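The values are calculated or read from the model by the stated rules, or taken from the named source; none is laboratory data. It should be emphasised that the depicted structure is a prediction, and the values quoted were computed from it without experimental measurement. Every residue, glycine as well, gets a Cβ built from its backbone with ideal geometry; the counts of neighbours run over all protein chains shown.
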Amino acid sequence: MTALLKYDAACRAIAEAKTVDEVTDWIDKAAAVREYGRRVRNRKLELDALEIRVQAKRRRGELLLQLKQEGRLKEGRKQKLSSSNDSLPPLTLDDLQVTANESSEDQAIAKIDGDSYRRLVARCRAYAEQHPEKHSINVLKPPPERGPVNGAGAVAHRRTEPNDSLDFSPTPPWGTRALIEKVFPQIDCRGDVHCRTAREPAAGDGHIAEVLREYFANVIASDVHEYGYADHLADFLADDAEHPYADWIITNPPFNKAEEFALRALGHARVGVAMFVRWQWLETVNRFNNLFAPNPPAIVALFSERIPLHMGRWEPDGDTMTAYCWVVWLKGHTGATRLFWIPPGQRKALEREGDRERFTAHPVIKAECPTEAAGAAITFDPSTGEVQDKLVSHPSDVCKAPDVPGQPRFERDVPPLRDDRVRADINAEQVAFVTNAYASAERAAP
């Protein structure tokens, strides 16, 4: 540990490390010294240890990338190994005692060019020096170059982004729950979401998609960038992009591409589109002419209390000066747009136990059973087969589509429930009862 305290010597040792095990040992040592510095209130020692740890993670990422290039690292089912080193058995992350998240993060740090990396480390350290409550450095989620507004560090309303920016600002989980539990009932869409499919085409770390899994039967999460959560990589705006079945498309779109996302989503969603945007996004003549006039939203739901967004992370106790809203379109809606105020108090009411641990992770930690996370599960009455879910009174009320010209009122091709949503006590006879109820309801429909 004495050697670790000599900053330059430690950095040289890390740069000369030849194995993943060597570098992992430095990461562990740095973490121990950081904790010691924090406890004895030696801020310089703590920050030095944080920098050394980041440097070690960068070196580990370089070594992992080298193993991949040599075909000696097997990261998962999609990895194809090279046959150039048949004499050497492939290594797994378990063999190296590195988690998938650590591997992804370390390789991302390693891919940052040297000058940019040094600037990011300096910016993170300077920010930490000004904020003694900060005890970590993350060059992948750096603080803003300018100081935060009123100490909030939130996304400001006058923010601008480069044209090629991914603009990753995660939506707080309670913000998405407010959409389902407060906004959807205003447009009669709450009762059937548990048998619908939702798509999140800008999933990021999974902050919206993971909440949607609490309510929807099936959720498809994708993103143009590998954040570690999405089911697959896809450019939602690409001309040749594939668009899987989705009743709803729900997303917090990239800052500079929100209008394009809305227009593309309206062309592929079967029931509706919901987009989380800044209140000011509703302005501009061009957007009115291109989007809102030909496609009037059914409802615009403004948060009465501020819902803070931060670049690259969710800050559970964050603050903001920016107003956000949900804009919701329903297929076939041609009337006026309703303005709805989401009542205050949702932050407290809709945050759930475990949110702070799961949704501050990168990526979001997936729940083992999404329906249990929502406090509900799909069950059936053993004698009648009736759905006992609190949102449904009878199977004939399930999966009603809006009355859209040219679209059947009851849809037979509703996608099946996700496997992890089907409880073991649902037997084949009960499933057949519900299937027959759908068919009967369809025959009876005018």
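Tabulated results
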quantity: Helices (runs of 4 or more DSSP H) enclosed by the range 338-383 - at least 1 residues per element that are at pLDDT 80 or above, of a type in the set (S, T, N, Q) and farther than 28 Å from Ala108 by Cβ; calculated: 346-350
quantity: Which listed residue is modelled with pLDDT of 85 or more, over 28 Å from Arg125 (Cβ atoms), within 29 Å of the chain's Cα centre (by Cα) and not β-branched (Val, Ile, Thr), from Lys74, Lys68; calculated: Lys68
quantity: Only one of Val155, Val121, Val139 that is outside the structural domain of Asp235 (by TED's automatic domain parsing), under 22 Å from the mean Cα position of the chain (by Cα) and modelled with pLDDT of 85 or more; calculated: Val139
quantity: Selected residue (criterion: surrounded by the most Cβ atoms within 10 Å (Cβ to Cβ)) from residues of the range 259-279 that are part of a loop (DSSP other than H, G, I, E, B) and over 20 Å from the mean Cα position of the chain (by Cα); calculated: Val271
quantity: Residue match in the range 208-223 (condition: assigned by TED's automatic domain parsing to the domain that holds Leu330, in a loop (DSSP other than H, G, I, E, B) and surrounded by fewer than 18 Cβ atoms within 10 Å (Cβ to Cβ)); calculated: no
quantity: Tally of residues being surrounded by 15 or more Cβ atoms within 10 Å (Cβ to Cβ) and either in a loop (DSSP other than H, G, I, E, B) or over 20 Å from the mean Cα position of the chain (by Cα) (or both) across the range 236-257; calculated: 8
quantity: Within the range 301-336, tally of residues that are under 19 Å from Lys141 (Cβ atoms) and not in a loop (DSSP other than H, G, I, E, B); calculated: 2
quantity: Residue within the range 195-204 that is in a loop (DSSP other than H, G, I, E, B), within 13 Å of the chain's Cα centre (by Cα), surrounded by 23 or more Cβ atoms within 10 Å (Cβ to Cβ) and charged (D, E, K, R) present; calculated: no
quantity: Test for Leu282: is it surrounded by fewer than 16 Cβ atoms within 10 Å (Cβ to Cβ), more than 20 Å from the chain's Cα centre (by Cα) and within 23 Å of Ala203 (Cα to Cα); calculated: no
quantity: Glu51 in contact with a Lys or Arg (Cβ under 7 Å, 6 or more places away or on another chain), surrounded by 15 or more Cβ atoms within 10 Å (Cβ to Cβ) and assigned to a helix (DSSP H, G or I); calculated: yes
quantity: Residue identified as basic (Lys, Arg) and within 25 Å of Thr360 (Cα to Cα) among Arg213, Arg264; calculated: Arg213
